[in-house]
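Here is the structure we will look at, set down as structure tokens.
Nothing in this text is a laboratory measurement; each read-out follows from the coordinates by a stated rule. Everything quoted here is computed from the prediction, not taken from an experiment.
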Amino acid sequence: MLGYLLAGGAAATIGVAGYQSMSPTGQWYGPTFTGLPRGSKQLALTYDDGPNDPHTLSLLDVLAKHGVHATFFLIGRYARQRPDIVRAIAQAGHSIGNHTYTHPNLIFLSALQTRIQFEECDSALSDILGERPTLFRPPFGGRRPESLKIALETGLNPIMWNVVGWDWKTNSADYVERKVSRQIRGCDVILLHDGSHLRFGFHRGHTVAATDRLIARYKSRGYEFVSIPEMMRKSERMAGIPR
């Protein structure tokens, strides 16, 4: 009987550990930024897997129309392919983060492989922009303690999310808008995609359209859209952390 109990306990622990390695808000393996404490009407739009032609550029037009700054987590090999889009993102005042060089799931990489992914993406972005990123988002949300340790050692702050649009599962802007709207509570980091790790040029027109609608909807309700660095600075002020 004791053996069954021990085996069951071990299986449960493994299951929870596996969940924490992929859960966007899980903190078992180290602190990550997932938004502000409830009580603020700030929202942060974030986009993964770019740069991507033409949808990143279309998205920049929508964000400019609304006067909103967002945060883009870029794949290094795509950045090398289209440095002009990377520069356009930065010139429009948006924040840029490291999303690794080829978008692997870090859960399955060695420490050396993980460090190479970070450093090659950093190199790509710094060659284009003249400065290295300080933000990082793990592909698929997957991370282990070693992944986060290496990120911090290389000066990267891990950024997750607490609202997801599921825009990789649909071509419908209505679907994305509904998914996001059901989760918004304020103080949220919203995950969307302007590209895809599957290939460059992936269709994301529905994400662009949903972004336009979401900004209009929540601005009309008194919400403020900010970049991740802006939200992090507010978090530090709320926590009384000196800068």
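Computed quantities for the displayed model
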read-out: Value of Rg/Rh across the range 32-148 [Cα atoms, Kirkwood radius]; value: 0.98
read-out: Rg to Rh quotient for the chain, alpha carbon positions, Kirkwood Rh; value: 0.99
read-out: Exceeding the 21 Å Cα-Cα cut-off - candidates Lys41/Lys179; Lys169/Lys234; Lys65/Lys219; Lys41/Lys234; value: Lys169/Lys234
read-out: Highest-fluctuation residue, Gly195, Gly93, Gly222 considered, GNM on the chain with Cα pairs under 10 Å; value: Gly222
read-out: Counting all C-alpha pairs of the range 89-198, share separated by more than 20 Å (%); value: 47
read-out: Global form of the range 136-240, assessed from the alpha-carbon gyration tensor, a/c cut-off 1.5; value: oblate
